[in-house]
Each structure stands twice: as structure tokens, then as C-alpha cells.
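Remarks on the structure that follows.
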Amino acid sequence: MTDRGALAGVRVVEFAQNAAIPHCGRLLAGMGADVVKVEPPGGDAMRGLAGLGPMEARGFALINPNKRAMALDLQQPAAAAVVEGLFAWADIALVALKQQDQERYGLEWERARAVNPRLVYLSSNALGPHGPESHVGGYDVLEGSKRHRVRDEPLGGRSPPPDPAGRQRLRNGHGVGARGGRGAPTP
């Protein structure tokens, strides 16, 4: 959170884990918005990956700087009032849950708009809000690989060498550092 930047004074609530929507929150926070990340009681799933310390992983630290965080068990009845308060407080809501989970936890657009008609609302999930697999959770890059959309073009289809740091490299044009549609370079 900062009091400087183009978005100083803009309030954002983020209901998301892992990368896509949290990266959006990161960009807004970097421009000065006050971003509150709502996590489940055990924390965002990224907190436990390649740790820097207890509950602080490299990927988590990269995607979530300049944010405040709070734990909220959305399955508890009392969470509904907290969600409503966050929607009332925020200028922007970022939500990354399947449609049925948005409805179950009261995070869907219709409820958010009823609480705060001026709210800007962004919702995203791997398989979209409608269709035969909309009820399935997932991540964009995993879904792409299941459907053979992820290719290893820079290596000509060969398997990459082992990565001792365990970092995931995406060569399909996604991610920070992607350029020219070819993907991030291999060090």
C-alpha cells in the first residue's frame, strides 16, 4: 500500500490465489492502489512453494508485494457480512473462483453490485463461467497443456534440461518476460 502513484486512494479487494488475478492486484498495488488480499485460513496456496521463510515463498512474494492480507474462511456464515463490508469499502473487486463457488460464497457480480453499485468487478477462472467444464477448477497453463496448446518451441520440441531450482518455465508466450510471442528465454 502506498499513498503515491496514479491509483493512490483506489481501494481493491482481491479474492484469489496463485497467479493470474493476484498478478492483476500486484499491478494495481504497484500503481498505488490499496489492495487487500483475502486468503483462506491456511493462506494462499502459493505461500508454500519454494519458501523464503515460513509462509513466504518466492512466487508468492513476487506476485503479492505492496498488498495487505487477511484470512477469511468463506465457508463460515459470519464471512458473508465481512464480504459485504469489503465490497462496500472497495472501488475494485478481483475474483478468481469457479462460478458456483462465487455463488456459494456470495462473491458473484450480482451480489457485489447490489452492495456497491459503483464497484468495478473483474472475475476470471481457467475454464470460463459457462460451458461443460465451468464447474472444474484449474489454471490456464495446465488446461492449455491438457489440450496440447503448450509447446516447447525454443527447444525444437526437445525436453528442457532439469531445472534444479524447480522453476516452471513457460514457453508459450505467457508470463513475465515473454516477448515476441516466443516466451521467456532459458538462462
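7 Å from Cα along Cα→Cβ at both Ala61 and Met31: what's the point-to-point distance in nm?
2.7 nm
Counting alpha carbon pairs within less than 8 Å and at least 6 residues apart, what relative contact order, in whole percent, applies to the range 46-117?
Rounded, it is 20 percent for the range 46-117.
If R0 is 22 Å, what FRET efficiency do you get for Ala71 and Glu133 from their C-beta distance, rounded to 0.05?
Values: r = 30 Å, r/R0 = 1.35.
That pair, Ala71 with Glu133, gives E of 0.15.
Under a Cβ-only charge scheme (Lys and Arg +1, Asp and Glu -1), can you give me the dipole magnitude of the range 11-123 about the Cα centre, in debye to the nearest 20? All intermediate terms of the calculation are to be shown ahead of the outcome.
Values: 12 positive and 12 negative charges, 50 e Å.
Charge dipole of the range 11-123: 240 debye, to the nearest 20.
By the scheme Lys and Arg +1, Asp and Glu -1, what is the net charge of all other residues having a beta-carbon under 9 Å from that of Pro22? List each step's numbers first, then the result.
Details: positive: Arg26, Lys37, Lys67; negative: Glu14, Asp44.
Net of charged neighbours comes to +1.
Within a Cβ distance under 15 Å of Ala112, other residues only, what is the Lys/Arg minus Asp/Glu net charge?
Net charge in that neighbourhood comes out at -2.
Quick one: pull the percentage of alpha-carbon pairs in the range 11-123 with a separation above 16 Å.
Counting every Cα pair in the range 11-123, those more than 16 Å apart make up 56 percent.
Once you list every other residue whose beta carbon is under 10 Å from the beta carbon of Val35, what net charge do they have if Lys and Arg are +1 and Asp and Glu are -1? Numbers along the way, then the final one.
Working: positive: Arg11, Arg26, Lys37, Lys67, Arg68; negative: Glu14, Asp34.
Summing Lys/Arg as +1 and Asp/Glu as -1 gives +3.
We did not get these values from a lab; they are worked out from the coordinates using the rules stated. Quick caveat: nothing in here was measured; it's all calculated off a predicted structure. Every residue, glycine as well, gets a Cβ built from its backbone with ideal geometry; the counts of neighbours run over all protein chains shown.
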